[in-house]
Every structure is written in structure tokens, then in C-alpha cells.
């Protein structure tokens, strides 16, 4: 296949590197700024620097940009995309963008399949991209109304570049789950480091501090877009967390050791039931 | 030195193993149940199974039990402890127990120095103890009114068994910092897994879920005691977290991307200022 990747940040860059490492496909890179393109060429992550003209002959277009930019890119270049091309995104939210991209795909006659690679780092950009970023990770695919062959092609490609499992779901289920598994930990990492004690933690901290605060090194521009575009499920998850924090806080205030232990033990049982 | 360790759980067991690996001291184990003693003897973590009679000739007594049990053990056996013995604990809270142990030490004429080894796992018991659990970790020491020589002896011993740094502090500062660095992450891990989405996370989760939920596999009996015995600082930290979650939640509800990005970016700056 001729695969065009638009946006060579950590995700687009890692997909490019993984494609070159694990497949024989031709990878063409497009990026707003030229530095990532030059680096990608230098390290062999892409076969060539491309332009929107390449969409006329591309078998797949992978959007490595932020959500709104992904929709804009496809809308502006829809007439160039060839009708057998499979267009996919890599965005962390789906309800806000998949229906818009599906509509454009239907209008212009190409295929759109939603995709969320469940991997990342607390740093961003092409420099921290890695061919093996996706090893063992979940590949979440939103088929929408794309033909089965397009969905299969994308699913198989993600398996080939290292993903450990493929999940098929709807935009709504994706967004509700991601609000809990990924967005909420980012929200609470930020809220956590706002404590006045944080700047003095050194010497008093160990693994717990490190793990909870890790993703507070946040890409504020990206995540503010993701949070607001998934407002309803995320606001609900934050409220659930606040309610449960308040429940435990009340147990501590009350001071009944057995009652508090019963509340906490429920958390252990949930983890055990998950085999964790 | 002849070192008696009372309580061979993950912490007492790891100290025993580290003492045998990194020093020539004689290690005597005491434990409520016999199984950990047998295991410790079998793997060479202790030189002998002991009894409270060994306190008459011990140079150091390390309490590996829960906080209340540590105070009870010392109170019940205070008359057996020889006057040159350095008694230390390993408890995660200090204001509630250090003054009580100091008072007993003064009454009976031995030395008490508070100690909190900043290391652990999400599992408990002798079986998960390790000689190298403390490599690079913080050794937090509460000198209280102990003589400098006793404080130095303990500090140097902790350096020898692998601790990366030694911090000297008061019970109050310790408890305020630990409420933030260690207790709050445990509270929020439990609150986090109470979400109705949690049992279905598999396939939708990656490092963020894993890191935040890790310590929800909590020892409910131990932590309910630790939380309640550090009630005031911990209730305050939970409230600070709730307030900051509410701040971010309001930003998401309002939907102003730039305003939300400004809030989130402050978290990144805090982490960067800490070199993290």
C-alpha cells in the first residue's frame, strides 16, 4: 500500500516508524512544519516527503493531527482523496469527529474508519516517537458504516505494527470508556500537583507520587481540546470521582476503622476481580 | 550489632534481608505467627527466631508492625529493653505514635528514633519482601529528643542497606507531606476504581489507568488505621484535591479551550520546575 501520514508527532511518527520496521508499505509524510519531515526522512521513518497531491494515489491516509485539524484537513482535501482510499484518524475522542468524517467520506465516496491507538507518553512530538510504541497496546477501531474490507485492512495493519489486541466499538462507548481510563487520570494528575505540598515532595515521595503525577506533564493545548470535545462523559466521570473521594473522606472524618476498612476493601476486590 | 526485628511483613522482612545482604549484623526475628519466621530462617533473612527475652541484649529493635501494635509491643516489653538499645519503628504516620514511644523510652531509659522507609509494594507480607526494596529510596528519620549518636547510628544503617537519601524531620511535617505523597494516592486509587466503568476498562486502557489504579489493591486493615491516625492532614489534602478537580471540571463545562489550557499548563509548569 501507499500510506500517507498527515501529522508526524509522537503518534504519526511512531506509526511511520512501525510501518517501516514491520511492513513493506510505502510511507509518505506530510506535516505543517518541515522539521519533523526532515528528521523522518533522515531516520528512514518515511520513504518520501509528500503533499496533498499524494492523496490521489494513496491507499490509506492516516491522520496524526489533533481532532479539529483532522476534520479540517479531510474537508479541505476531500476532492483529492481517491475513492478506494481508507482514511483513518488517531484521535482520542470519537463522537465529536467520527460522524463528521463519515459524512465527508460518504459525500466524496472514499472510506473512513475511526482509530484510536491506546499508547502514548508524557512527552510529545516526532523526537519521542518509537517504532515499538504500540507493542501489546489496544487498537480501538470504530467501524461506523465503512465496508468490512476497509475495517479488516486497518485492523490487520494495526496487528502487524505491534498492537496486542483490536477492539471494535462505537464512538459513544469509546468516549465513555476513555473518559474514565485516560482523560480522568490526566485531569486528576493536574489537580493532584496543584496541592501546595507538591513543590516540597522530594524526599517524602516514592512510587505512588510518581505514578499519579506522571501525566501532569501535560500537552495543555491538545488535552484542553480533547476534554472539551468529550465534555459530557468526562464531567460525569470527574463527578463520580469527587463523590467517591467524598465518601472515603467522610469515613476518615468519622474515624470508624472497621467501617473505613470495609469501604477500602471494596477497591481491592474490584482489582482482584479484574485479575490485577 | 544484635538487631531484633519485631514483625516480618514486607517491610520488616525486607529490612532483615537487606541487613543480611549488606551488613554483618546479627538479625533476630520475632513475629506473631510462626510461618514468616520459618520462611525467614529458611532463606537466611534472620540468624535466629527470637523472643522478647532478646530485648535484654539487643542493640537495636526495629518495629515492623502496624502503628498501634508497635506502641503496644514497646509498652508491654519496655522493662525488658536494655538501656543502650535504639528502638525504631517503620510506621507510615508519626504524630500519633512518636510522642507515645518517646515518652515510654524516656520513662525506661532507652532511645527511640522514628523511621519511615519510603518504599513498598501493592502486595504485603514476608513473601513479597526483598533485600533491595530500599535501593535509592528515602529514609525519613524523626530524631525527636534522641541523642545524636542514636540518630546517626540509625541513619548510617539505613544508608548501608540501600536507601538513597536520609531526610530528618518532625512528626508534623512528616505527616503533612505523607498525606500528600502517599496517603492521597491510595485514597484516590480506591475512589477511582469505584467508577461503574472500571470493570469494563480492559481494551480501553493503557499506562494512565494502570498507574492511577495500581495501589487500589490496598491492605484495607493497615491503611484504614494509617488514614484515621493522620485524619487532619489527610482530610485537608482530599479537600484540596476535590477543589482542584472541581476547578478543572468547571473549565471543561465552560468550554473555553484557551482558559482550560491555561489551567492545565500550570500543572506542566509545576512538574517542569521540579525537573520531572
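What follows draws every value from the coordinates through simple rules; no lab data is involved. Being a predicted model, the structure only gives us computed values, none of them experimental. Here Cβ is always computed from backbone atoms with ideal geometry, including for glycine, and neighbour counts include all displayed protein chains.
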The protein assembly as shown: Rg to Rh, with Rh as the Kirkwood radius over Cα pairs: 1.07
10 Å Cβ neighbours from other chains, averaged over peptide B:231-239: 4
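Of all the Cα-Cα pairs you can form in the range B:87-143, what percent are over 12 Å apart?
69 percent
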Which of A:151, A:187 has the fewest Cβ neighbours within 10 Å, and the rest in rising order: A:151, A:187
Counting DSSP beta bridges with both ends in the protein assembly as shown, the antiparallel % (nearest 5): 15 percent
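Once R0 is set to 30 Å, what does the formula 1/(1 + (r/R0)^6) return for the Cβ-Cβ distance between residue B:123 and residue A:130, expressed as a FRET efficiency to the nearest 0.05? Write down the numbers at each step before the final one.
On the way: r = 31 Å, r/R0 = 1.02.
FRET efficiency, residue B:123 to residue A:130: 0.45.
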Label distances, nm, residue A:51 versus same residue in remaining copies, Cβ-directed 7 Å point: 9.2
Among A:154, A:80, A:55: highest mean-square fluctuation, GNM of chain A, C-alpha pairs under 10 Å: A:80
Closest approach to the axis - chain A beta-carbon, rotation onto B, Å: A:211, 2
Ratio Rg/Rh, restricted to the range A:174-273 and using Cα atoms, in which Rh is the Kirkwood radius: 1.01
Most fluctuating residue given options A:27, A:212, A:87, as computed from a GNM of chain A linking Cα atoms under 10 Å: A:212
Average partner coverage of A:130-140, which counts Cβ from other chains inside 10 Å: 1
Pseudo-label separations to other copies for residue A:79 - Cα-to-Cβ vector, 7 Å, nm: 10.0
Principal axis dimensions, the range B:84-188 - Cα atoms, whole angstrom, descending: 39, 29, 24
Nearest-first distances (nm) between copies at residue A:103, label 7 Å from Cα via Cβ: 7.2
GNM flexibility winner over chain B from B:185, B:117, B:199 (Cα, springs under 10 Å): B:199
Projected label distance in nm at residue B:53 and residue A:236, using a 7 Å step from Cα toward the beta-carbon: 6.7 nm
Order of B:107, A:130 under a 10 Å beta carbon neighbour criterion, fewest first: B:107, A:130
Residues residue B:148 and residue B:35, FRET efficiency given R0 of 45 Å [Cβ-Cβ distance, rounded to 0.05]: 0.70
Computed [θ] at 222 nm, helices only, for chain A once each DSSP H run of length n ≥ 4 contributes -39500 (n - 2.57): -14500 deg cm²/dmol
For chain A, the spread of Cα positions along each principal axis, largest first, Å: 69, 40, 32
Shielding by partners, peptide A:257-265 (average Cβ within 10 angstrom, other chains): 6
Rounded to 5, percent antiparallel among DSSP beta bridges of chain B: 15 percent
For the range A:1-105, convex hull volume per residue from C-alpha positions, Å³: 88 Å³
